[in-house]
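Peer 1: Please see the structure below; I have some questions.
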Amino acid sequence: MSGDLAVQCSKLIEWLLARRVIPEDYTKLLAAVQVRVAEAQKEQITDEASRKLILQHEEVHFLAAKKIYEAIQRSPEGQAKSLLGSHTHPGAAKWKAVMDAYRKRHLGWASAARFLIQNVSYELTALTKQASACERQVHDCVARQVELDRQEANAKARYRELLNDLGIEGFDVRSELRLRAKQDLCLLSEQVIDLLRRAGQDTASKYQVFAEHAAERPLPEVLPLFRALSTAELPSMEALEEQVPGFRELRLQKGQSLDADANVHEVPAAKGLEVEAAGTDGIDWGITCEGGGESGGSGGINWD
């Protein structure tokens, strides 16, 4: 439009002064207006909307004073007027005096120009930097979200692979793992017993031959527990105590309270393996590690 004016924002005050729109001493006059503003702020305004506007503006420039006075005019305090049309409420009257002072000699233009220059030069620059920082944060958050989604997908895939490897569904992991461990231990126990039945006696016989060869003399039967567990039918606990020296004492030390007639099948696989592995300290295997054997070739081992 031909009526539009292109004025540099930072030189708006100079433009108004050059055209004598505002007085040369506008700064002193604006300071006097601020005195009127301070007096108006001391008055009590009961209207909620007006009080919020007053509290929101620490420095009341022309545009802020205009909003506050318009809000007061709509309130019952602002509508109470005398016969001559003046406000009867002191707060409304003082805010009207502020607006009259701003309108006089176009001081409102000077106040609005200073407010505009401040916003463009400082506030707008700060807000632009803050907006750029927010955009960078949004970009970083989006990239982080993509990375987290990728990690989540990989974690779910690894979790599903782990469940497949363990052979469980994953609805109740603790219970399913306990059941899986129980099944695996039972299977391991059956495999160990089957291996003992197939090769136990032969292994014990070969070990017997090796021990007698190393001792260069006949020896009592070695590995009694190994031989007892290698039979076609597993013996009872009572039979094991009779065949294996020290087996009963070992069971008492471990705190086991099994019945004397209970079958070995009733012993949990984990406890059975524990007895077999830890039992070497209390079972007499028919071998002692004492020096001074009958033959020097025995390496100091007494096979009696």
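The values are calculated or read from the model by the stated rules, or taken from the named source; none is laboratory data. Since this is a predicted model, take the numbers as computed values, not measurements. Cβ sites come from the backbone with ideal geometry, for glycine too, and all protein chains shown count toward neighbours. These accessible areas exclude ligands, DNA and RNA; they are computed on the full protein's heavy atoms, side chains included. Shrake-Rupley method; radii C 1.70, N 1.55, O 1.52, S 1.80 Å.
Peer 1: If we scan the stretch 252-264, do we find a residue that is within 53 Å of the chain's Cα centre (by Cα), part of a helix (DSSP H, G or I), at pLDDT below 75 and of a type outside the set (A, V, I, L, M)?
Peer 2: Applying the first criterion (within 53 Å of the chain's Cα centre (by Cα)) to the stretch 252-264 yields 252-259, 262-264.
Imposing the further condition that a residue be part of a helix (DSSP H, G or I) reduces the set to 252-253, 264.
Still in the list and also at pLDDT below 75: 264.
Imposing the further condition that a residue be of a type outside the set (A, V, I, L, M) reduces the set to none.
No, the stretch 252-264 contains no residue that is within 53 Å of the chain's Cα centre (by Cα), part of a helix (DSSP H, G or I), at pLDDT below 75 and of a type outside the set (A, V, I, L, M).
Peer 1: Of the residues Ala215, Ala228, only one is surrounded by 18 or more Cβ atoms within 10 Å (Cβ to Cβ) and at pLDDT 85 or above; which?
Peer 2: Ala215
Peer 1: On the basis of being in a helix (DSSP H, G or I), in contact with a helix residue (DSSP H, G or I) (Cβ under 8 Å, 6 or more places away or on another chain), surrounded by 14 or more Cβ atoms within 10 Å (Cβ to Cβ) and not hydroxyl-bearing (Ser, Thr, Tyr), does Gln201 make the cut?
Peer 2: Answer is yes for this residue.
Peer 1: Exactly one of (1) open to solvent by less than 50 Å² (accessible area, probe 1.4 Å); (2) farther than 22 Å from Val35 by Cα is unmet by Cys134. Its number?
Peer 2: Condition not satisfied by Cys134: (1).
Peer 1: A further question follows. What about Phe115, is it farther than 30 Å from Arg19 by Cβ and more than 28 Å from the chain's Cα centre (by Cα)?
Peer 2: Details: farther than 30 Å from Arg19 by Cβ: no; more than 28 Å from the chain's Cα centre (by Cα): yes.
Judged against the criteria, Phe115 is not a match.
Peer 1: Quick one: which of Glu43, Glu58, Glu77 is farther than 30 Å from Ile13 by Cβ and either among the basic types (Lys, Arg) or within 55 Å of the chain's Cα centre (by Cα) (or both)?
Peer 2: Unique residue meeting the criteria: Glu43.
Peer 1: From the list Lys182, Lys156, which one is of a type in the set (Lys, Arg), within 21 Å of the chain's Cα centre (by Cα) and modelled with pLDDT under 95?
Peer 2: Sole residue among the options that is of a type in the set (Lys, Arg), within 21 Å of the chain's Cα centre (by Cα) and modelled with pLDDT under 95: Lys156.
Condition check ((1) in contact (Cβ under 8 Å) with a residue 12 or more places away in the chain; (2) within 22 Å of Ile54 (Cβ to Cβ); (3) open to solvent by 100 Å² or more (accessible area, probe 1.4 Å); (4) assigned to a helix (DSSP H, G or I)) across all residues:
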site: Lys94; (1), (2), (3), (4): yes, yes, no, yes
site: Ala101; (1), (2), (3), (4): yes, yes, no, yes
site: Phe115; (1), (2), (3), (4): yes, yes, no, yes
site: Ser121; (1), (2), (3), (4): yes, no, no, yes
site: Thr128; (1), (2), (3), (4): no, no, no, yes
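Peer 1: Next question, about the same structure. State all residues of the stretch 145-193 that are charged (D, E, K, R) and surrounded by 11 or more Cβ atoms within 10 Å (Cβ to Cβ); if no residue qualifies, say none.
Peer 2: Hits for the stretch 145-193 are Arg160, Asp172, Glu176, Arg178, Arg180, Lys182, Asp184, Glu190.
Residues are listed down the side, and each one gets a yes or a no for (1) part of a helix (DSSP H, G or I); (2) touching a residue at least 12 places away in the same chain (Cβ under 8 Å); (3) in contact with a Phe, Trp or Tyr (Cβ under 9 Å, 6 or more places away or on another chain):
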| residue | (1), (2), (3) |
| --- | --- |
| Val138 | yes, no, no |
| Ala143 | yes, no, no |
| Glu152 | yes, no, no |
| Tyr159 | yes, no, no |
| Asp165 | yes, no, no |
| Gly170 | no, no, yes |
| Leu177 | yes, no, no |
| Ser189 | yes, yes, no |
